[in-house]
Each structure stands twice: as structure tokens, then as C-alpha cells.
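What follows is a set of notes on a single structure, which appears directly below.
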Amino acid sequence: MGNDVLKILFVSGTDRSGSTLLCRVLGQIPGYFGAGEPRMFWNYHEDRTNLCGCGELLWSCPVWRPVIAKTIECMREEELEDTISLHDKLRIGRRWWHQRDRTRYEKYLGRLEVLYRAMAEQTGSRVIVDSSKSSSYALTLNDVPGFEVY
């Protein structure tokens, strides 16, 4: 992917902690994109009723539609299923998967890079604000080459 460093401002915490509000406020800064919880992105492919923060369906939102096209729609079905499977397992134990199947883990990191760079490209942002809250997910993002996670 790109050689440029992509900055991710990661909001960690618990449910109902104000992370969505913080993400939306920070997303108003020029050059920042409040992405919500991208860790849920891979689970949205089957349920097309999810709404964007703008009120549009995620699959028809002018921001997310091109991001989806660059990530999910260009993948073969087995690649998507593998990504979702590994994503779900990483939520349980990142370290185990990281060490057990390094090749598969690196493919997953590559798919995360495509997703986050597509968000940055589509929005013209230099910082992605991610309010996924999961510290395990933040550590996974930190493993993506070319990402600086704050």
C-alpha cells in the first residue's frame, strides 16, 4: 500500500463512556475523520441496515460506499470469510493468533491497511479517529506497517 505514515487517534474505554461524542468532535477538526468503530466494519457486510453517522445507510453513504468498494467488494468470498473469521478470533486472543499463524495475521493487517487508507483517501484526512475502544484492537492496528497509533 502507501508509503506515507497514517496516523490513527485511537479512543479507548468502556461502553457508554462518551467515545462516540469525542470521536465526532475530533472528526470536526480539518484533516481528521471521525470513523466511529471501524473494528465493526467486517461484521457489517451481511447486515445492510447499519446507518452512518450522517443518517444514510452505510452501504449508500457517499463516504463509506467507496470505502466498501475498495475493501469488501474487491475481495473473493473466501478472503472475506477468512478476514471475518480471523477478526472475530483476534477479539478473543490477539497474541495467540499473532504467534500461531503469522502469514494469516499479516494478510489481516494488510486488509486493515486497505480499509484505513481508503478512509483517509476518501475523506482527504491525515488522521483517522477510531473510537473502537478495544485495547486488543489498538494493539493490532499498531502492528500494521505504516500506521502510527496514538
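The values are calculated or read from the model by the stated rules, or taken from the named source; none is laboratory data. As the structure is a prediction and not an experimental result, all values here were calculated from the model. Positions of Cβ are backbone-derived with ideal geometry, glycine not excepted, and every protein chain shown enters the neighbour counts. To get the accessible areas, we keep the full protein, side chains included, count just its heavy atoms, and leave off ligands, DNA and RNA. Shrake-Rupley method; radii C 1.70, N 1.55, O 1.52, S 1.80 Å.
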**Prompt:** In this structure, does GLY110 turn out to be outside any helix (DSSP H, G or I) and touching a residue at least 12 places away in the same chain (Cβ under 8 Å)?
**Reply:** no
**Message:** Tell me yes or no: at least one residue of region 69-86 is assigned to a helix (DSSP H, G or I) and under 23 Å from LEU22 (Cα atoms).
**Reply:** no
**Candidate set from region 87-106 (those that are at pLDDT 80 or above and either in contact with a Leu (Cβ under 8 Å, 6 or more places away or on another chain) or within 11 Å of TRP42 (Cβ to Cβ) (or both)); member that is surrounded by the most Cβ atoms within 10 Å (Cβ to Cβ)** = TYR105
**Message:** Suppose the filter is open to solvent by 50 Å² or more (accessible area, probe 1.4 Å) and modelled with pLDDT under 85; does ASP47 pass it?
**Reply:** yes
**Prompt:** Are any residues in region 26-44 touching a helix residue (DSSP H, G or I) at 6+ places or on another chain (Cβ under 7 Å) and crowded, with 17+ Cβ neighbours inside 10 Å, and if so, which ones?
**Reply:** TYR32, PHE33, GLY34, ALA35, GLY36, PRO38, ARG39, PHE41, TRP42
**Prompt:** Looking at ARG111, ARG126, ARG65, which one is open to solvent by 10 Å² or more (accessible area, probe 1.4 Å), touching a strand residue (DSSP E or B) at 6+ places or on another chain (Cβ under 7 Å) and modelled with pLDDT of 90 or more?
**Reply:** ARG126
**Request:** State yes or no: is ALA118 part of a helix (DSSP H, G or I) and open to solvent by 10 Å² or more (accessible area, probe 1.4 Å)?
**Result:** no
**Complete:** Residues of region 24-45 being of a type in the set (S, T, N, Q) and either closer than 16 Å to LEU57 by Cα or in contact (Cβ under 8 Å) with a residue 60 or more places away in the chain (or both), in sequence order, are ASN43
**Asked** Is it fair to say ARG48 is without any contact (Cβ under 8 Å) to a residue 24 or more places away in the chain, more than 30 Å from ASP101 (Cα to Cα) and part of a helix (DSSP H, G or I)?
**Response** no
